[in-house]
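Structure record follows, encoded as C-alpha cells.
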Amino acid sequence: MNAADSSIVHPITVGSPEVLADPDSHYAWLRDNAPVYKGRMAYMGEQDLWMVSRYADCRALLSDVRFLRSPGGRGPAFLDQFPESVQEPMRLLTTSSMILMDDPAHRRLRGLVAKSFTPRAIAGIGDRVRELAHSLLDRLEPAGEMELREQFALPIPTTVINEMVGVPLADRDRFQQGVQALIAGMTALGQDSWARDVNALTDLVRALIEHKRSAPGEDILTGLIHAEEEGDRLSDDELTAMVFLLVTAGYETTYNLITNAVLTLLDHPQELERLRAAPDDDGLWRGAVDELLRYGSPIGGTEPVTAVTDVTWQGTTIPAGASVVPLLHAANRDPREFPDPDRFDIDRHPNNHLAFGHGVHFCLGANLARLETRIALGILVQRNPGLRLAVDRSELEVEPLPLWLRYRALPVHLG
C-alpha cells in the first residue's frame, strides 16, 4: 500500500465504517506513510486524536513521562459530557480509578492491589477454571451447538472475578447486569435503563464494602479493605473504583479474548490440531496464547494520554495538550518487530507483543487472563474435535467500537 492509495479516507477516523471494515490496511498505511498522524476517533461524536502506529514508537509512548493519563489529576475532560444522572459512577471510573491515574498516585494504588495478581496468587485459580469449563461443556454439549461468546467465554471469567472479589451468590445477577451496563458505556447512554443499572451497581458495591468490613472473607475486596502500605489505606471511593476496574477488566478483556482466540484457531486448523494434541499447561499452549494476543487481541489501543509538552517523533510534532493513543493492533503487526507479522505462528519467539500494554500501566490481570484463556481453550478443543463454525465465516459481525475487536456472536457446532 502506498501514500496514494485511494481506499484511505482522510482524516482517518478510528471507529469509522471504513476503518472497521479493514483496520489492517489502514494501520499498514499509517505505519508506512504517517507513523505519527493526526486523525479522529468516532466517540461521542468525533474527537481529534493523534495516533502512533509503529511498534517502537508505541512502546516508547507507553513509558514516556511526557504523556500523562490525567494531567493535573483532574481526570479526562470528557467526564463533563456525561449526563448528571451518571456523574458519580463515571467520576469513580475516572478520577478515582488507577487506570486513569499517573504516578505517584497510580503507583500507590497499584502497590496496594498488585499482590492479589502475582503468578503465585492466581496459580490456584486454574483448578476452578477447569471445573467451570468442564461444567459448562457438560451442559452445553448435548445440544450440539452453542453461542460461544455468551454461553462459554463469558461465564468463566465472570464467575472467577466474582469469586475473587467476593460478590455473594445472591447478588451476582444484579451485579452482572450493572457491570454489563458499565461496560456498554457510551454505546448505551440512550437507553432508559442504563443510568439505573450503573447507579444500582454503585450502590451494590458500596454496600458490599460495608458488609466486608464487618464480615471479612478470603477475597480480594477484603484484602483491599485491610491492605496497608506505610500506614496508607484505600478510601471508600478508591475501593469502589477498584472493584469497578477489576470486574470490568476481568469480564471484558478475557471473554472477548477467548472468543477471538477460538475464531483464530478455527481459521488455522493445522495449528489447532497441534494444540489439541498438547496438554493445556504445555509450553506450546503458553506460546500460542501470546500469539493469539498479538494476532487478534480484543483491545486495539490504551486509554488516550495527553502530551504535556511538544513531542517530535518521526519528523512530526505532537503539540502540548493533544490527545494521543498508541495503536496496539498496528504495533503488533509491525514487520519492523515481527517477521511475517500477518502470519499466525504459535512457535513465534520472541513475541514481545503489546496486547497488555507496557510500562507502569502494564495490565495487572495479564497472568490471570493468560491462565483463563489457556485452560478454557485447551478443554474446549480437546473435548470437541469436531468444533467448527455454525454459520458462514462472512456472516460474523464485528461490533462497531473504536479500538476494539469484538464479535457480536460466535455460533459454533460442538462434537
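Go through the residues of segment 345-367 one by one and say whether even a single one is free of Cβ contacts under 8 Å to residues at least 12 places away in the same chain, over 30 Å from LEU49 (Cβ atoms) and not aromatic (Phe, Trp, Tyr). Yes, segment 345-367 has at least one match. Here ALA215 meets each of (1) open to solvent by 20 Å² or more (accessible area, probe 1.4 Å); (2) in contact with a helix residue (DSSP H, G or I) (Cβ under 7 Å, 6 or more places away or on another chain); (3) at pLDDT 90 or above with one exception, condition (2).
Inspection of segment 379-398 identifies at least one residue that is part of a loop (DSSP other than H, G, I, E, B), under 30 Å from PRO326 (Cα atoms) and not β-branched (Val, Ile, Thr).
If you check GLU372, GLU399, which single one turns out to be within 22 Å of the chain's Cα centre (by Cα) and modelled with pLDDT under 95?
Values: GLU372 fails: modelled with pLDDT under 95.
The conditions single out GLU399.
Every test in (1) in a strand (DSSP E or B); (2) at pLDDT below 90 is passed by GLY39 save one, and that test is (2). For the criterion of being within 30 Å of ARG213 (Cβ to Cβ), open to solvent by less than 30 Å² (accessible area, probe 1.4 Å) and within 24 Å of the chain's Cα centre (by Cα), THR259 fails.
A Cβ distance below 7 Å, combined with a sequence gap of six or more or placement on separate chains, defines the contacts here; from segment 309-330, residues that are part of a strand (DSSP E or B) reach residues that are small (Gly, Ala, Ser) and crowded, with 19+ Cβ neighbours inside 10 Å in the pairs ILE318/ALA307; VAL324/ALA307; VAL325/GLY301; PRO326/GLY301; LEU327/SER53; LEU327/GLY300; LEU327/GLY301.
Whether any residue in segment 274-294 is open to solvent by 40 Å² or more (accessible area, probe 1.4 Å) and over 22 Å from ARG130 (Cβ atoms) is what I want to check. So far as segment 274-294 goes, no, none of its residues is open to solvent by 40 Å² or more (accessible area, probe 1.4 Å) and over 22 Å from ARG130 (Cβ atoms).
The values are calculated or read from the model by the stated rules, or taken from the named source; none is laboratory data. Keep in mind that this is a model prediction, so the values were computed, not measured. Neighbour counts run over all protein chains shown; Cβ positions are idealised from the backbone, glycine included. Each accessible area value is taken on the protein alone, full model and side chains, heavy atoms only, with ligands, DNA and RNA left out. Shrake-Rupley method; radii C 1.70, N 1.55, O 1.52, S 1.80 Å.
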